[in-house]
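The values are calculated or read from the model by the stated rules, or taken from the named source; none is laboratory data. Computed from a predicted structure; not experimentally measured. Ideal geometry is used to build each Cβ from the backbone, glycine not excepted, and the neighbour counts take in all protein chains shown. Please note that ligands, DNA and RNA were not included when accessible areas were found on the heavy atoms of the full protein model with its side chains. Shrake-Rupley method; radii C 1.70, N 1.55, O 1.52, S 1.80 Å.
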Amino acid sequence: MTGTLFIVGTPIGNLEDITLRAVRTLREVDFIAAEDTRVTAKLLNHFAIKKPMISYFEHNKKQRGELICDKILDGQNCALVSDAGMPSISDPGEELVRQCREHNIDIRVVPGPSASISALCLSGFPAGRFTFEGFLSMNKKNRLKHLDSLKNESRTMLFYESPHKLPGTLKDFYECFGDRNIAIARELTKIHEELKIMKISTAIQAYSDGAKGEFVIIIPGKEHSEEEASYTPEDAVDLALSYVESGESKSESAKKASKITGIKKSDIYKMLI
Ligand code: SAM
């Protein structure tokens, strides 16, 4: 009898977000293939589970995949977990699943949270049709090519981003999508969980000094963004104020805010003073 591969979702922050079935599966399998065994050890300790682990990550996945398949073919059951959320979603997993399929191994999914879907639900942005874009490439050319392919996307788009790249990425979004509304979900399910909805230009200002934590960015598709792209005079003043706070003169701030919002510079200036 060959064993089974269980793809197990784990919490994205709050450890209470693990399913009863995930805990039982982690208890019952013969071994766990984990992206980072130190991270998974903390999860296992929390639930008083002791289990042999094999590391399975980006740079050893080819050879480790074969080793894991051999063990399953020998009759052992394996749980595949990543550091957080669902394996395969911007995490290792899909290749192991493919390898197991090639060996006709039985594969089951034990679903858990994913930061992408959690952020989408929290944003209130159209969730009927959406696309998951994951991380943008570090390579400038590939990154711009990726963004260019999304210029006319009508579905809601979900991106992952690391904190140190967030300021640059927001500028790239502005170049590509113009000044749409975006939702920035941070530290979901953790103590400092927050969701902010603002114009991309405002986000550029808000995160110009950098950012901390884990982020999902949600951008509405073209059709929806056009409905939402009108600015009130209060939006324009808020934007101008953010320029003033970063050291610009009132006149220059009003000019910049006018360019983005379409509201007359003199009106913004009057409100500013
Ligand atoms: N497999 C995971 C999932 O299903 O969501 C994603 C793993 S990916 C390597 C890590 C990225 O997911 C982070 O850089 C961040 O963009 C996002 N992420 C993970 N946990 C998060 C959280 N608690 N709040 C916001 N974003 C999170």
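Out of all the residues in the stretch 90-122, which are part of a helix (DSSP H, G or I) and within 12 Å of the ligand (Cβ to nearest atom)?
Answer for the stretch 90-122, where residues must be part of a helix (DSSP H, G or I) and within 12 Å of the ligand (Cβ to nearest atom): Glu94, Ala115, Ser116, Ile117, Ser118, Ala119, Leu120, Leu122.
In this structure, is Asp235 more than 16 Å from the ligand (Cβ to nearest atom), open to solvent by 20 Å² or more (accessible area, probe 1.4 Å), in a helix (DSSP H, G or I) and under 30 Å from Gly128 (Cα atoms)?
It is true that Asp235 is more than 16 Å from the ligand (Cβ to nearest atom), open to solvent by 20 Å² or more (accessible area, probe 1.4 Å), in a helix (DSSP H, G or I) and under 30 Å from Gly128 (Cα atoms).
Would you check which residues across the stretch 67-89 are within 16 Å of the ligand (Cβ to nearest atom) and surrounded by fewer than 16 Cβ atoms within 10 Å (Cβ to Cβ) and list them?
Once the filter is applied, which keeps residues that are within 16 Å of the ligand (Cβ to nearest atom) and surrounded by fewer than 16 Cβ atoms within 10 Å (Cβ to Cβ), the stretch 67-89 yields nothing.
Which of the residues belonging to the stretch 161-215 are part of a loop (DSSP other than H, G, I, E, B), farther than 20 Å from Ser90 by Cβ and within 16 Å of the ligand (Cβ to nearest atom)?
Of everything in the stretch 161-215, those that are part of a loop (DSSP other than H, G, I, E, B), farther than 20 Å from Ser90 by Cβ and within 16 Å of the ligand (Cβ to nearest atom) turn out to be Ile191, His192, Tyr207, Gly210.
I'd like the residue in the stretch 90-123 that is free of Cβ contacts under 8 Å to residues at least 60 places away in the same chain and closer than 21 Å to Ile184 by Cβ and, out of all such residues, is surrounded by the most Cβ atoms within 10 Å (Cβ to Cβ).
So, considering only residues that are free of Cβ contacts under 8 Å to residues at least 60 places away in the same chain and closer than 21 Å to Ile184 by Cβ, the one surrounded by the most Cβ atoms within 10 Å (Cβ to Cβ) is Ile117.
Filter the stretch 37-69 for residues that are touching a Ser or Thr at 6+ places or on another chain (Cβ under 7 Å) and outside any helix (DSSP H, G or I) and give the result.
Met53, Ser55 - these are the residues of the stretch 37-69 that are touching a Ser or Thr at 6+ places or on another chain (Cβ under 7 Å) and outside any helix (DSSP H, G or I).
Could you please give the count of residues in the stretch 24-35 that are open to solvent by 40 Å² or more (accessible area, probe 1.4 Å) and touching a Ser or Thr at 6+ places or on another chain (Cβ under 9 Å)?
Looking only at that region, the number is 1.
Being within 23 Å of Leu188 (Cβ to Cβ) and either within 13 Å of the ligand (Cβ to nearest atom) or open to solvent by 40 Å² or more (accessible area, probe 1.4 Å) (or both) narrows it down to one residue among Arg64, Arg38; which is it?
After ruling out the rest, the residue left standing is Arg38.
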